[in-house]
Amino acid sequence: MERKRRFQTRAQYAEEKAKASKFQKFDKNLNYLIGLVAVGIIATLIFILSQDSEPKNEAADDQEDIVASTEQNEQQTSQEEPNSSTNDDEQTDENNNIENGTNPSENEVATSTDPLVKEVQTNPDWPVYPTQQTGEHVSTFKKGDIDYEEKLKAIFSVTDLEQENAIVLRVGNNGSAKSAIAVVTSMDKEKKYRVSIEWLDGEGWKPTKLEVLNSLEGAY
């Protein structure tokens, strides 16, 4: 009976020792795994921290590229805008010129054999003064009549005179009911012109010739 107890005690001791050995081995392996996890965490943190700085630099570079691109676009826009503005101004000037009686295109200038005429100017691009008349056209030379007033508008449109500050010496027939000729001067009579116009059905009176005069004697 004593031997049996002693044998069981040794068996239990061996079993407990084996369990303790397994536990120690397990604990050792656990510590090893914990160490590996810790090293992995530290390595991951170092990697993340090292990567954080690089994107910032890239973001900064991207921001600089965006700013540079924006500035370049603004410069291009500023270079284009004056051209656009110039075109708008030119179009406005053209409209104003038509309304004020001048035309932006160059006139063809020729000398004349007539001693009264200094030079003759023509321009096929001279605009027609648009008529407000309806129905059959009747040419008149009565002051205040719409046809007569439209004649004057067409006449002064090719001179550098303002109708309100000029003298109309003559407006008369120029060979047919669809043509007329006029002599106008500045108030001081320093500028003297003879202007020929013709009627275009449904459109109005169109200047055809501008004569710069040397003298008014015999000009009308």
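Please treat every number below as a calculation from the coordinates, not as lab data. Fair warning: this is a prediction, and the values are worked out from it, not measured in the lab. Here Cβ is always computed from backbone atoms with ideal geometry, including for glycine, and neighbour counts include all displayed protein chains.
Please work out how much length the chain gains when fully extended from Asn173 to Val212, using 0.36 nm per residue of separation minus the C-alpha to C-alpha distance, in nm with one decimal. All intermediate terms of the calculation are to be shown ahead of the outcome.
Details: separation 39, 0.36 × 39 = 14.04 nm, distance 1.95 nm.
Roughly 12.1 nm would be gained on extension.
Tell me, in nm to one decimal, what length is gained between Ala38 and Lys118 on full extension, where the rule is 0.36 nm per residue of separation less the Cα-Cα distance?
Value of the extension gain: 18.2 nm.
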Of the listed links Lys118/Lys151; Lys153/Lys192; Lys153/Lys191; Lys178/Lys209; Lys153/Lys178; Lys142/Lys178, those spanning more than 22 angstrom between alpha carbons are Lys118/Lys151
Site Lys191, offset 7 angstrom along Cα→Cβ, radius 17 Å on amide nitrogen, limited to region 116-155, gives 118-122, 152-155
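How long are the semi-axes of the ellipsoid equivalent to region 118-220, from square roots of 5 times the Cα gyration tensor eigenvalues, in whole Å, largest first? Show your work: numbers first, answer last.
Working: eigenvalues 98, 40, 31 Å².
Calculated on Cα positions only, the semi-axes equal 22, 14, 12 Å.
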The set of residues whose placed amide H lies less than 5 Å from the amide H of Lys118, leaving out same-chain residues fewer than 5 positions away, is Val212, Leu213, Asn214
